[in-house]
Amino acid sequence: MRAFHPSISGACGLLARQAYVRPSRCVPFVPSRRIGFLSSLLDIAAPTKEHMHQEDKVLPFSPEQVYDVVSRVDQYSSFLPWCRESTILSRQPYNPANSSSSIMEARLTIGAGPVEESYTSRVELKPSREVKVSVPSSPLFHHLTTAWHFRPGPRPGTCATHFTVSFRMKPSLHAVLMDSMFASAVHSMVKAFEARCNDVYRFSLSSTTSSPPSPSSSQKDH
């Protein structure tokens, strides 16, 4: 029979007491507990918000000019800060009786900081009158619908522009990061396209109105 050694037993008990942590002092791990900003980002089950915006504005350009800028989807990445890539995938007649109307598919890549996402949209074009963009479903959006309507403004050479947008992102980490960015972008969309019209048509106007020096004046300089 093994002899009982109180001193050894006491030492082991002391070590045991030193290593033992009372349950009341432990912070239990609760998987559903949210801690700060990181947890809110990772809580991908949270429902996303429905965004809607509409705007009416008279622009100092003709309906044809504004339509031409809005319909050139492949150029969006050159002047919209949140659009990193824009490509036309296909184009087909919208109405056989009117060959100038068409439907096209475009692929856009949007980004916020290091995060970016691509989606394919369906674009309906009615020259000088209407541009509609829809994304029924994608990895990023539950839905996205945008509509531009153009008509002659109250003064010659102006365009009464009506813009509407509705979208809802799917619950994901990307959506948490990009939702506020895209919401802010759509609220300034008309302003961004007006600035693009200024860049395109004001520059074109200044180029056409400036004339090269006449031969007589160049001869006088010599």
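The values are calculated or read from the model by the stated rules, or taken from the named source; none is laboratory data. Computed from a predicted structure; not experimentally measured. Virtual Cβ from ideal backbone geometry, glycine too; neighbours counted across all protein chains shown. We work out accessible area using only protein heavy atoms, side chains counted, and drop any ligands, DNA or RNA first. Shrake-Rupley method; radii C 1.70, N 1.55, O 1.52, S 1.80 Å.
The residues of segment 47-61 that are modelled with pLDDT of 95 or more and either surrounded by 19 or more Cβ atoms within 10 Å (Cβ to Cβ) or of a type in the set (A, V, I, L, M, F, W, C) (or both), listed by number, are V58, L59, F61. Checking each residue in segment 122-148 for being open to solvent by 60 Å² or more (accessible area, probe 1.4 Å) and under 9 Å from P63 (Cα atoms) picks out only R129.
Of all the strands (runs of 3 or more DSSP E) wholly in segment 122-179, which have at least 3 residues that are out of contact with any Ser or Thr (no Cβ under 6 Å at 6 or more places or on another chain) and over 16 Å from V73 (Cβ atoms)? Can you show your working first?
Working: elements: 130-135, 141-152, 159-169.
By residue number, 141-152, 159-169.
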